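Colleague: Before we start, here is the structure in question, set down as structure tokens.
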Amino acid sequence: MTPASASPSDATAARAKTLTLVLCCLAQFMVILDVSIVNVALPSIRADLDFSATGLQWVVNAYTLAFGGFLLLGGRAADLLGRREVFAGGLLLFGFASLLGGIAQSDGQLIAARAAQGLGGAVVAPATLSILTTTFTEGRERNRALGLWGAMGGVGGATGALLGGILTQTLSWRWILLINVPIGIAVALGALAVVPRTKRDGAARRSFDLAGALTVTAGLVVLTYGIVETDVHGWGSGRTLVTLALGLALLATFAFMEGALADQPLVPLRIFRNRTVTAANLVVFCMGAAAFAMWYFLSLYLQQVLGDDPIEAGLSFLPMTATIVVTSQLASRLTGKLGAGAVLAGGMVLIALGMAGLSRVSADGSYWAEVLVPSVITAGGIGFSFVPVTIAATAGVKGSEAGLASGLVNTFRQVGGSIGLALLATIATQKTADALGSHGPAAALTEGFRAAFLVGAGFAAVGAILSATLLWRITSPRRAMAAKRETA
């Protein structure tokens, strides 16, 4: 059908799809933005609200843990209550929590508000991906939509540093949260007007497995707390071992509940029989562990060691932003030709190489000599990884479980980011403390950051190996069609 002969209904449907994609991309941008936008503002937040060195990471982890812990619940809610309604409701919750964070007067209030933000994000993120996977046809159309969606997520992560720096230095760190209020309201209203209402299965039992969501979130929080506290008590102390054991026990309880007790489990364990879904989620865990820590430690290195102000630190991330935009679009096209596994393996290799390069930063170094090239390589790896891992994690999943699959891939990324950041921050703090006896403050900090970057490179390398061994055989759509023709 040519454009001239297209019916008005076709044009209206195409316009609705475009607007839906725009709204989903904006929401994804905002949700991912708030993972990284606080990084540049961390020194200002610490000075204003009197955070400790180890407590400061909870400004990031309170968000990511609540985000990761409740993503599955958000995906389930989107499937049962309607994607449009859940999408809009999550945006409004996100905006309200941002308002509370922007006016927080203590460290505890800010952490609580960030956790509430994470809950709102946990509702929004799977709803956006579920809307896209059910709105766009699997294949080239969906890959293009997911490519744009993935690019916006990547840009949100990279732009957070720049926008956070501008707002922190020109206004106040509080505006990195307050800016979400009008955006959240506007996108929510747009979603109610544009996104079509989805049909609900009247026979479906609307069980959300709240007990499961609370158990897995509690397990993740306790496990992360146990890792963070090793900075004070050590890995071999009784307190640390008991805390870590409790966290693992809660996670094991969650798995038992899902497999044996829950009538309508939050995570039907059968989904992990799909080798592609399981492998993709393991890879995205490794990607989150490497990438989240990279934003965090690079922001601190630029300000605390190189002496950049917030805006200068934010501007340093612009090349990364541009790289992620370009590589995300290339990844969408390459995945259609080569398959998700090949593109993903290459992307994870780039992340590992970039992080290894960042592990060579020095106390008397410079951005141009030691940061620019490895940071761009890392960003390229993120762009090449995010799209194919999302496609792999949702390919072949039934429409009724689209929210579950999208919730899983986001959950594993956020959980990987939280646990990875806790582990790497602990390693960095201990390395810095050990180095203080023989180095100055800046050099000691740098030693800690170098160790964190190197361990992050290890996480990415594991992800590359998993991609190459478990996902390499995922064929591209073109190859699959050619194989069908040959066997026909």
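Colleague: Given the rule -39500 (n - 2.57) for each run of at least 4 DSSP H residues, summed and divided by the residues of the chain, what is its mean residue ellipticity at 222 nm, to the nearest 500 deg cm²/dmol?
Modeller: Working: 17 runs with 374 residues, N = 488.
Helix contribution divided over all residues of the chain: -26500 deg cm²/dmol.
Colleague: A further question follows. Can you give me the distance in nm between label points at residue 237 and residue 22, each placed 7 Å from the Cα along the Cα-to-Cβ direction?
Modeller: 5.4 nm
Colleague: Placing +1 on the Cβ of each Lys and Arg and -1 on the Cβ of each Asp and Glu in the chain, which of 98, 356, 463 has its Cα farthest towards the positive end of the resulting dipole?
Modeller: It is 463, whose Cα lies furthest towards the positive end.
Colleague: May I pose another question? Which order results if 67, 96 are arranged by neighbouring Cβ count within 10 Å, fewest first? Intermediate values should be presented prior to the final figure.
Modeller: Working: 67 34, 96 18.
Exposure proxy ranking, most exposed first: 96, 67.
Colleague: With axes computed from alpha carbons, what is the tilt in degrees of helix 83-102 against the longest principal axis of the chain, rounded to the nearest 10 within 0 to 90?
Modeller: Helix 83-102 sits roughly 20 degrees off the main axis of the chain.
Colleague: Could you put 44, 52, 130, 316 in order, starting from the residue whose Cβ has the fewest other Cβ atoms within 10 Å? Please report the intermediate quantities before stating the final value.
Modeller: On the way: 44 19, 52 10, 130 28, 316 23.
In increasing order of surrounding Cβ atoms, one gets 52, 44, 316, 130.
Colleague: How many nm separate the modelled label positions at residue 465 and residue 373, each set 7 Å beyond the Cα in the direction of the Cβ?
Modeller: It works out to 2.7 nm between the two label points.
Colleague: Run the simple label-point estimate for residue 52 and residue 252 please: 7 Å along Cα→C-beta, distance reported in nm.
Modeller: About 2.9 nm, to one decimal.
Colleague: For the ranges 302-315, 347-360, what's the packing order if you count other beta-carbon atoms within 10 Å of each residue, average per peptide, and put the highest first? Walk me through the intermediate numbers first.
Modeller: Working: 302-315: 19.8, 347-360: 23.3.
Highest-to-lowest ranking by the protection proxy: 347-360, 302-315.
Colleague: If you don't mind, another one. Which one of 415, 331, 224 is farthest out on the positive end of the charge dipole of the chain, using unit charges on Cβ (Lys, Arg +1; Asp, Glu -1) and the Cα centre as origin?
Modeller: Going by the Cα projections, it comes out as 331.
Colleague: Let me ask another. Between 0 and 90 degrees, rounded to the nearest ten: what's the tilt of helix 372-394 against the longest Cα principal axis of the chain?
Modeller: Relative to the chain, helix 372-394 is tipped by roughly 40 degrees.
Colleague: Sort 17, 337 so that the residue with the fewest other Cβ atoms within 10 Å of its own Cβ comes first and the one with the most comes last.
Modeller: Details: 17 17, 337 12.
Ordered from fewest to most neighbouring Cβ atoms within 10 Å, 17, 337 come out as 337, 17.
Colleague: Where Rh denotes the Kirkwood radius from the mean inverse Cα pair distance, what is Rg over Rh for the chain? Write down the numbers at each step before the final one.
Modeller: Values: Rg = 21.8 Å, Rh = 22.6 Å.
Result for the chain is an Rg/Rh of 0.96.
Colleague: Given +1 on the Cβ of Lys and Arg, -1 on the Cβ of Asp and Glu, and no further charges, what dipole in debye does the chain carry about its Cα centre, rounded to the nearest 20?
Modeller: Numbers: 32 positive and 24 negative charges, 418 e Å.
Roughly 2000 debye, rounded to the nearest 20.
Colleague: For segment 330-350, list residues with backbone N below 16 Å from a point placed 7 Å from the Cα of residue 14 toward its Cβ?
Modeller: Zone members listed by number: none at all.
Colleague: May I pose another question? Please give me, ordered by residue number, the chymotrypsin sites (Phe, Trp or Tyr not before Pro) of segment 225-321 that lie in loop per DSSP and have at most 15 other Cβ atoms within 10 Å.
Modeller: On the way: sites: 225, 235, 254, 256, 272, 285, 292, 295, 296, 297, 301, 317; in loops: 235, 317.
Of the chymotrypsin sites (Phe, Trp or Tyr not before Pro), the ones in loops of segment 225-321 whose Cβ has at most 15 other Cβ atoms within 10 Å are 235.
Where a number appears in this text, it was derived from the coordinates with a stated rule and is not lab data. Quantities reported herein were computed from a predicted structural model and do not represent experimental measurements. Cβ atoms come from the backbone with ideal geometry, glycine included; neighbour counts cover every protein chain shown.
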